[in-house]
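Okay, so here's the structure we're looking at.
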Amino acid sequence: MAKKGKIAIIPIKGMVISEEGPSSPFPLLAMTRAVSSAEIIPLIESVKKNRRIKGLILEINSPGGRPFPCKEIAECIKNLGKPTVAWIKEYAASGGYWIASSCDSIVADRLSTLGSIGVASIRPDFSELMKKFGIDVETMASGVYKTFGIPYKKSTPKEKELLKEELDTIYKNFIEEVTKNRKLSEEVVKEISTGKIYLGEEAKKLGLIDFLGGKTKAIELIMKKTGIEVYRIVDYAKKMRRPLSFLKRIFG
C-alpha cells in the first residue's frame, strides 16, 4: 500500500516584520505587502504538531525586512524536526534569503533573484526642508544618543559611528548564519558578502541554492525525504490574514 502524507506550504511574501500594526517601524520605501513573524511562527508550530504533515515547503517572495523577525523565523524552521524546502519564486533577497537558507534544500527558477546579503538603514532627514519653511524644533534631552534617529536634525558623527557599529554586528551575524546554514566555502562567502544579487543559475554554481525548478521540484524533494508516495497539499495561505496596505499599516 502506498505511503500517504500531507505537505504544508506556508507563503512568506513581502517585507518581513515583527507584527502587523501602526506601531511597526517601516522603511519609507517599504513594499505594499508585509508578512509578520508573529503570524508565520505559529503556522510553523502548527505544522510541527500535526503528525499527518510530513514536510514543509516555504513559498518565498520576499525582499527581506527587519533582522530580528527574519532570525526568529529561521530559527523556528531549523527546530521544526521535519524536512523543509524553500521554494523561491521571483525573489528572496537579504533577510528573505536568510530565511530560505535555514531550510534543508532551496529550489529557485533560472530567473529568480536572490542574494543581496547585507544590512542597510534608512533615516529620513527633514532638517533642510523644515528650515526652508521656517520651522524650528527645539529638543531637550539627557544622554548623548537620546535624540538619535529624530528626523528633524542631522546625525552627529558619534551617532553615525554608533549606527555603523550596530549594522556591522547585524551583518556579521547574518553572514555567519547563512555560511553555517549553507556550508559555504570562504571564497563564496567573500563573493556574496558584497550585497550582490544573483539569478538562479549563478546562485546554483555558488551553492546558494540546490536545485533549479519550481513547486513541482519542491514537492518531489519532500516526497523523497519523507518516503511518501501519495500526498495532499495543506495550503496555509488560506489560514493567513489578508496583507494590510502600506498606508493602513502606518495609520491603522
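The values are calculated or read from the model by the stated rules, or taken from the named source; none is laboratory data. Keep in mind that this is a model prediction, so the values were computed, not measured. Heads up, the Cβs are rebuilt from the backbone with ideal geometry, glycines too, and the neighbour counts pull from every protein chain shown.
Among the residues of segment 95-125, which ones are assigned to a loop (DSSP other than H, G, I, E, B), surrounded by fewer than 24 Cβ atoms within 10 Å (Cβ to Cβ) and under 15 Å from the mean Cα position of the chain (by Cα)?
Correct list: 116, 118, 119, 120.
Checked against the criterion of being over 26 Å from residue 117 (Cβ atoms), aliphatic (A, V, I, L, M) and at pLDDT 80 or above, the candidates 170, 175, 228, 150 yield just one match: 228. Could you tell me how many of the residues in segment 60-77 are under 23 Å from residue 112 (Cβ atoms), charged (D, E, K, R) and without any contact (Cβ under 8 Å) to a residue 60 or more places away in the chain? Count: 1. Checking each residue in segment 78-92 for being out of contact with any Lys or Arg (no Cβ under 9 Å at 6 or more places or on another chain) and crowded, with 24+ Cβ neighbours inside 10 Å picks out 86, 88, 92.
Going through (1) at pLDDT 70 or above; (2) assigned to a helix (DSSP H, G or I) one by one, residue 87 falls short only on (2). The set of residues in segment 52-84 that are assigned to a strand (DSSP E or B) and more than 19 Å from residue 175 (Cβ to Cβ) comprises 53, 54, 55, 56, 57, 58, 59, 60, 61, 84. Quick one: is residue 46 at pLDDT 80 or above, closer than 19 Å to residue 69 by Cα and crowded, with 17+ Cβ neighbours inside 10 Å? Judged against the criteria, residue 46 is not a match.
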